[in-house]
Amino acid sequence: MDLVKKLEEICLKSDLRMTNQRRVIAEVLMDSDDHPSIEVILDRAKMRDSRVSLPTVYRTVKLLEDADMLEKHLLKDGRTLYEDKIGEHHDHLIDVTTGDVVEFVSEEIEALQEAIADKLGYKLVDHRLELYAIPKNSK
């Protein structure tokens with residue numbers, strides 16, 4: 001299900017109006033190929049509808065986050081970034097020199113995490129992996 005449809009459902013169930021501003025914010029999140037901050041979401045939304053406000057972005061992001069459709073990433077450098085949870089699971093490598101976030105999938109890491117949980121007597125139900133790194137050619 002896409003974020004706009006999910007947000008429409010949330011608004012209907014919560015007795016909230018599905019405004020154009022909320023729709024634009026959901027579209028911005030769906031169209032993002034990166035991990036935008038609240039400020040970036042606001043800037044992108046304002047390009048589509050100048051009436052979008054910062055409080056509306058915060059409220060809409062919170063609605064989608066509470067519905068488990070949006071993931072919040074609190075990075076060690078203090079930034080808070082968001083991405084939709086539509087699509088396949090992936091992990092992140094953060095370049096500490098540029099702040100770039102690189103998505104990756106590793107079957108070996110996934111298998112190792114499952115094996116560790118199993119060895120400790122658990123069934124893994126969720127996880128998040130963030131690697132912080134610098135380019136090999138940097139000093």
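I need the P(r) histogram for the chain: all alpha carbon pairs, bin width 10 Å from 0 out to the longest distance, whole percents.
Once binned at 10 Å, the Cα pair distances of the chain give 10, 35, 31, 18, 6, 0.
Could you sort out which of LYS6/LYS123; LYS13/LYS123; LYS5/LYS72; LYS76/LYS119; LYS72/LYS123 sit more than 27 Å apart by Cα distance in this structure? Display every interim value, and only then the final one.
Values: LYS6/LYS123 29 Å; LYS13/LYS123 33 Å; LYS5/LYS72 20 Å; LYS76/LYS119 29 Å; LYS72/LYS123 24 Å.
In this structure, LYS6/LYS123; LYS13/LYS123; LYS76/LYS119 exceed 27 Å between Cα atoms.
Cα centroids of the stretch 41-55 and the stretch 88-117: how far apart, whole angstrom?
Spelled out, the Cα-based centre of one part sits 31 Å from the other.
Kindly give Rg over Rh for the stretch 3-79, based on alpha-carbon atoms, with the Kirkwood expression for the hydrodynamic radius. Provide the component values of the computation, followed by the final result.
Details: Rg = 12.0 Å, Rh = 12.6 Å.
Expressed as Rg/Rh, it is 0.95.
For the chain, what does the relative contact order come out to in percent, with C-alpha contacts under 8 Å and a separation of six or more?
Rounded, it is 19 percent for the chain.
Can you list, bin by bin at 10 Å, the percent of alpha carbon pairs in the stretch 66-114, starting at 0?
Computed distribution, short to long bins: 20, 46, 33, 1.
Can you tell which of THR60, HIS35, LEU16 lies farthest toward the positive end of the dipole of the stretch 1-64, using +1 and -1 charges on the Cβ of basic and acidic side chains (Lys, Arg; Asp, Glu)?
Going by the charge dipole, the pick is LEU16.
Over the stretch 1-49, what is the mean sequence separation of C-alpha contacts under 8 Å (at least six apart), divided by residue count, expressed as relative contact order in percent?
This gives 38 percent for the stretch 1-49.
Just so you know, all these numbers are worked out from the coordinates, no wet-lab data involved. Predicted model, so just to flag it, every value in this text is computed and none were measured. So basically every Cβ, Gly included, is an ideal-geometry build from the backbone, and we count neighbours across all protein chains shown.
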